[in-house]
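> Okay, handing you the structure first.
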Amino acid sequence: MFTVEELVQYAKNTGYIYQGSEIYGGLANTWDYGPLGSLLKLNIKKAWRQKFIQERIDNVLLDGPILLNNKVWEASGHVAGFSDPLIECKKCNQRFRVDKLIHDFDGTDSDGWSLEKLEKYVNDHKIKCPSCGAFEWNEIRAFHLMFQTYQGAVLDKANQVYLRPENAQNVFVSYKNVLRSSRKKIPFGIAHIGKAFRNEITPGNFIFRTREFEQMELEFFVKPGTEIEWFKYWKQFAMDWLVSLGLSKDNLRFDDHKPEALSHYSNATTDIQYRYPWGFDELWGIASRTDFDLTQHQNHSGEIMEYLDPETNEKYIPYCVEPSVGVERLVFAFLAEGLSIETLADGTTRDVLRIHPALAPYKVAVLPLSRRDLSSKAEEVYHLLSKHFDAVYDETQNIGRRYRRQDQIGTPYAVTIDYDTLEDNMVTVRERDTMAQVRLPISEVVDYISERIKF
Ligand code: GAP
């Protein structure tokens with residue numbers, strides 16, 4: 001397992017991820033996804049969409065705005081309650097999330113504790129400032145996590161809006177429109193992929209916790225009483241998706257929340273945790289959210305959210321089961337899992353990113369053995385392949401180094417054009433993991449690769 005610093009370096013050198021606003025000294029905890037990282041993110045979203053929507057009879061997609069009517073956030077409870085407990089050291093002025101401070105101190109999980117209970121714990125255990133060692137704290141207060149901005153030219157209270165802190169509310173407020181227009185029947189799901197913003201007190205660990213991130217959420221609506229069955233179903237479905245894309249079972253586990261640690265709207269919650277370089281941490285949250293959100297929106301908007309079962313004529317507000325995952329946490333996991341340094345039979349080493357071909361930024365590299373004589377044929381092959389896959393063209397340095405470069409960024413196939421190609425229209429196709437090579441007619445390469453990168 002690589003350290004966070006090694007992964008940051010790897011991501012920067014290869015073109016996966018760079019520091020945001022770097023030429024101005026950066027902006028803390030913002031990241032640019034480079035030529036490789038941007039494709040990896042797209043491929044992760046594609047693989048998620050494929051299994052959670054495309055291949056399903058029951059789920060549909062929605063794409064809603066980042067800015068929503070403020071009443072949405074009043075109804076959802078975010079205006080009143082979306083905060084983290086913040087503590088500030090009087091001596092060095094460093095600020096910490098109290099739940100994290102306590103967890104780092106002795107492993108105690110303080111989810112759901114009141115500010116008073118947190119304060120008593122910090123005082124009783126004399127928890128010191130991790131930064132300067134002092135035991136001189138200001139009073140703990142709730143720090144609101146939603147970003148605010150203004151819509152329109154007048155910067156007054158009436159025009160103040162929030163950037164959405166989760167995608168889920170887009171789904172709940174459009175639930176009736178989607179139900180009506182898609183003619184879905186319960187059970188069915190509405191999925192949403194998009195940016196979310198939280199003014200986190202302690203962002204960090206590279207792309208693990210940032211203030212701007214992207215979520216893929218599914219809100220799956222079910223008949224009350226069946227939600228726990230569906231909760232278990234989506235837990236396993238999410239886990240299977242991760243394993244099918246190459247994360248090892250040893251690096252994944254469920255963390256079921258204890259009843260006392262459940263959010264007020266949930267009757268069951270689990271995190272799928274991944275073994276990040278600092279230990280197991282949350283990758284994917286799966287929550288049974290009951291009918292809390294639709295009921296809140298019914299009460300605040302006056303719109304009836306009840307569902308009429310066409311077979312039994314029963315009326316009810318559906319319950320909701322929600323698997324919600326951050327794209328960046330998946331990027332981190334797939335890079336950490338895939339990267340390795342291998343010693344080859346001849347004693348040399350190669351860096352190789354053994355990432356699932358469906359996720360790999362480029363599916364194929366096109367490499368002419370000679371720049372002078374073969375580039376025109378190689379460009380022809382590149383244009384043929386790039387109609388089907390993301391491909392990369394590389395004609396610099398010797399072929400061994402070019403293979404290494406593709407291994408390092410995870411390109412599953414390399415197609416080499418040599419002098420014989422000009423005569424027989426055949427190319428050599430090399431596979432990343434085994435380094436095995438086959439010779440194929442150019443006309444068969446698309447099918448050969450397509451067959452092997454399927455997900
Ligand atoms: N709608 C439910 C919801 O938003 P959450 O557990 O707060 O639940 C879901 O977030 C997922 O979003 C997390 O499991 C994580 O993958 C991702 N996520 C949350 N906060 C994040 C942050 N600050 N940076 C990166 N990813 C984050």
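The values are calculated or read from the model by the stated rules, or taken from the named source; none is laboratory data. Here the structure is a predicted model, which means the values were calculated and not measured. Backbone-built Cβ (ideal geometry, glycine too); neighbour counts: all protein chains shown. Just so you know, the surface numbers come from the protein's heavy atoms only, side chains and all, with ligands and any DNA or RNA stripped out. Shrake-Rupley method; radii C 1.70, N 1.55, O 1.52, S 1.80 Å.
> Could you pull out every one of the strands (runs of 3 or more DSSP E) wholly within region 1-76 that has 2 or more residues that are modelled with pLDDT of 95 or more and surrounded by fewer than 19 Cβ atoms within 10 Å (Cβ to Cβ)?
Qualifying strands (runs of 3 or more DSSP E): 17-19, 59-62.
> Now for a separate question. Looking at Q437, Q408, which is the one that is surrounded by 14 or more Cβ atoms within 10 Å (Cβ to Cβ), over 15 Å from S370 (Cα atoms) and polar (S, T, N, Q)?
Just a single option satisfies the conditions, and that option is Q408.
> Starting from region 35-55, take each residue that is in contact (Cβ under 8 Å) with a residue 60 or more places away in the chain and of a type in the set (A, V, I, L, M) and list its partners that are surrounded by 19 or more Cβ atoms within 10 Å (Cβ to Cβ) and in a helix (DSSP H, G or I), counting only C-beta distances under 7 angstrom and pairs at least six apart or across chains.
Hits for this filter: L36/T14; L36/I409; L40/V331; I44/V327; I44/L330; I44/V331.
> Additional query: Taking only region 265-283 into account, find how many residues are touching a residue at least 60 places away in the same chain (Cβ under 8 Å) and surrounded by fewer than 16 Cβ atoms within 10 Å (Cβ to Cβ).
Matching residues across region 265-283 total 1.
> Restricting to region 205-224, name every residue that is within 13 Å of the ligand (Cβ to nearest atom) and more than 16 Å from the chain's Cα centre (by Cα).
E219, F220
> When both residues are 6+ apart or on different chains and their Cβ atoms are under 6 Å apart, which pairs have a first residue that lies in region 329-352 and is not assigned by TED's automatic domain parsing to the domain that holds L242, and a second that is part of a helix (DSSP H, G or I) and surrounded by fewer than 21 Cβ atoms within 10 Å (Cβ to Cβ)?
From residues that are not assigned by TED's automatic domain parsing to the domain that holds L242, the pairs are R350/R404; D351/Q408.
> Determine, yes or no, whether Y276 is farther than 26 Å from G112 by Cβ, assigned by TED's automatic domain parsing to the domain that holds F254 and either modelled with pLDDT of 95 or more or more than 10 Å from the ligand (Cβ to nearest atom) (or both).
For Y276, the condition - farther than 26 Å from G112 by Cβ, assigned by TED's automatic domain parsing to the domain that holds F254 and either modelled with pLDDT of 95 or more or more than 10 Å from the ligand (Cβ to nearest atom) (or both) - is not met.
> Anything in region 173-204 that is more than 24 Å from I57 (Cβ to Cβ), part of a strand (DSSP E or B) and more than 14 Å from the chain's Cα centre (by Cα)? List them, or say none.
The one that is more than 24 Å from I57 (Cβ to Cβ), part of a strand (DSSP E or B) and more than 14 Å from the chain's Cα centre (by Cα): G204.
> For F143, work out the one condition from (1) closer than 30 Å to L86 by Cα; (2) open to solvent by less than 20 Å² (accessible area, probe 1.4 Å); (3) not in a helix (DSSP H, G or I) it doesn't fulfil.
Answer for F143: the failing condition is (2).
> Then there is this: Picking from D418, D447, which residue would you name as being farther than 19 Å from P361 by Cβ, surrounded by 15 or more Cβ atoms within 10 Å (Cβ to Cβ) and among the acidic types (D, E)?
Just a single option satisfies the conditions, and that option is D418.
> Considering only residues that are among the aromatic types (F, W, Y) and either within 21 Å of T312 (Cβ to Cβ) or touching a Gly at 6+ places or on another chain (Cβ under 9 Å) (or both), look in region 165-204 and name the one that is farthest from the ligand (Cβ to nearest atom).
F188
> Report whether or not S244 is assigned by TED's automatic domain parsing to the domain that holds F221, out of contact with any strand residue (DSSP E or B) (no Cβ under 8 Å at 6 or more places or on another chain) and modelled with pLDDT of 95 or more.
So S244 passes the test.
> Could you please find all residues in region 144-164 being away from the ligand (no atom under 16 Å from the Cβ), in contact with a helix residue (DSSP H, G or I) (Cβ under 9 Å, 6 or more places away or on another chain) and of a type outside the set (V, I, T)?
Passing the criteria: Y150, Q151, G152, A153, Q160.
> Here's a follow-up. Looking at region 225-244, can you tell me whether even one residue there is in a strand (DSSP E or B), within 15 Å of the ligand (Cβ to nearest atom) and either open to solvent by 30 Å² or more (accessible area, probe 1.4 Å) or in contact with a helix residue (DSSP H, G or I) (Cβ under 8 Å, 6 or more places away or on another chain) (or both)?
No: zero hits.
> From the list S76, S131, which one is more than 28 Å from A196 (Cβ to Cβ) and not assigned by TED's automatic domain parsing to the domain that holds D291?
Result: S131 is the single residue among S76, S131 that is more than 28 Å from A196 (Cβ to Cβ) and not assigned by TED's automatic domain parsing to the domain that holds D291.
> Next question. Kindly check whether there is at least one residue in region 247-254 that is closer than 14 Å to L330 by Cα, away from the ligand (no atom under 11 Å from the Cβ) and surrounded by fewer than 17 Cβ atoms within 10 Å (Cβ to Cβ).
Yes: region 247-254 contains one or more residues that are closer than 14 Å to L330 by Cα, away from the ligand (no atom under 11 Å from the Cβ) and surrounded by fewer than 17 Cβ atoms within 10 Å (Cβ to Cβ).
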